[in-house]
Each structure stands twice: as structure tokens, then as C-alpha cells.
Amino acid sequence: MDDQQDQVTAEQTALSTATKQVKDLFTLENLIKTHVSHIDSVRVELAKHSEMLTDILNNDTSYKEISDQIKEMTKKKSEAKQNILKVPSNASLNQKIKDMRTEVKELRMALSQYLQQYQKIADTDQIESEDGEVRQIVFDARLVKISGKLDK
């Protein structure tokens, strides 16, 4: 009799835990949706205010004059840079820099995947680097739109 009662109590506890997890999930989902909506509305307001400020600045003659001078100087700077990069040794150095930046980006992406795997397997968010320093694994989660809407 005690075994049956213990089993019923265990099932009730499991059901209670599952129910709480479902409620927590729905609460969290609602918080996410609310925050996404709020971010979208703030972005719309931000765009309106930015456009208003841009119009105000562009209607000021002294600002407009200085802005035009800066645009002209930027154009001259760009032309000078292009002339410098026409020299083969400079072009080679510039290409090497671009290649190295691409390599660093690819290495970081691979490291991110390795860290995700490590965290799952080791069940820890810390790792000791080669120099003995303990580092924490941190992920940056964000929402990205996917093409089409999910069918519900």
C-alpha cells in the first residue's frame, strides 16, 4: 500500500513539476514576444526622430555648408587612398589585411561552434586556456527573421 502511495505521490510531483515548467515556458514566451514588440515600436519611433533631426540639421545653412565641405574632403581622401593602393606592394599589403580579417572571422565562427559542443559535453561554462587563465563561455542570443511564417 505504501509503495502505491509513494508512486502516486511521485507521479503527482512529476506532474506538478511539468505543469510549472509549461507555465514558466508560456510566461517566458510572452515576455519574449512583448519585448520584441516593444523593440519594434521603439525602432519605429527612433527612425521618426532621427529623420526629424536630420531634416533640422540639413535645413541649417552653416551645418549644410560644413557637411558639404566634409563630403568633398572625404571624396579627395578616398581618391588619395585609391592612388596609394595602386602601388603593387601597397595593394598586396591591403589584400593580406583583408585575407587575415576573413581568417579571423572564420576562426571565431569555428571557435564558437567548438565552445557550444564543449559546453554540452563537459556540462560547464568555463574552460582553462593554454596560459592557465580560466575563461567563461558566453553566448549572445538574438532573434533573426526566417523566410515565411511558421505554420501553427
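Of everything in the stretch 66-125, what is of a type in the set (S, T, N, Q) and in contact with a helix residue (DSSP H, G or I) (Cβ under 7 Å, 6 or more places away or on another chain)? Give them in sequence order.
Listed by number, the residues that qualify are 90, 94.
Just to be sure, is residue 58 modelled with pLDDT under 95, closer than 23 Å to residue 142 by Cα and not hydrophobic (A, V, I, L, M, F, W, C)? Talk me through it step by step, then tell me what you get.
Details: modelled with pLDDT under 95: yes; closer than 23 Å to residue 142 by Cα: no; not hydrophobic (A, V, I, L, M, F, W, C): yes.
Taking the combined requirement at face value, the residue does not satisfy it.
Can you confirm whether the stretch 75-91 contains a residue that is assigned to a helix (DSSP H, G or I), of a type in the set (S, T, N, Q) and under 31 Å from the mean Cα position of the chain (by Cα)?
Checked against the condition, which is being assigned to a helix (DSSP H, G or I), of a type in the set (S, T, N, Q) and under 31 Å from the mean Cα position of the chain (by Cα), the stretch 75-91 yields at least one hit.
Of all residues in the stretch 116-136, count the ones that are part of a strand (DSSP E or B), of a type in the set (A, V, I, L, M) and surrounded by 10 or more Cβ atoms within 10 Å (Cβ to Cβ).
Residues that pass the stated criteria total 1.
The values are calculated or read from the model by the stated rules, or taken from the named source; none is laboratory data. What you are looking at is a predicted structure, and each value in this text was computed from that prediction instead of being measured. For neighbour counting, all protein chains shown are included, and Cβ atoms are generated from backbone atoms with ideal geometry for every residue, glycine included.
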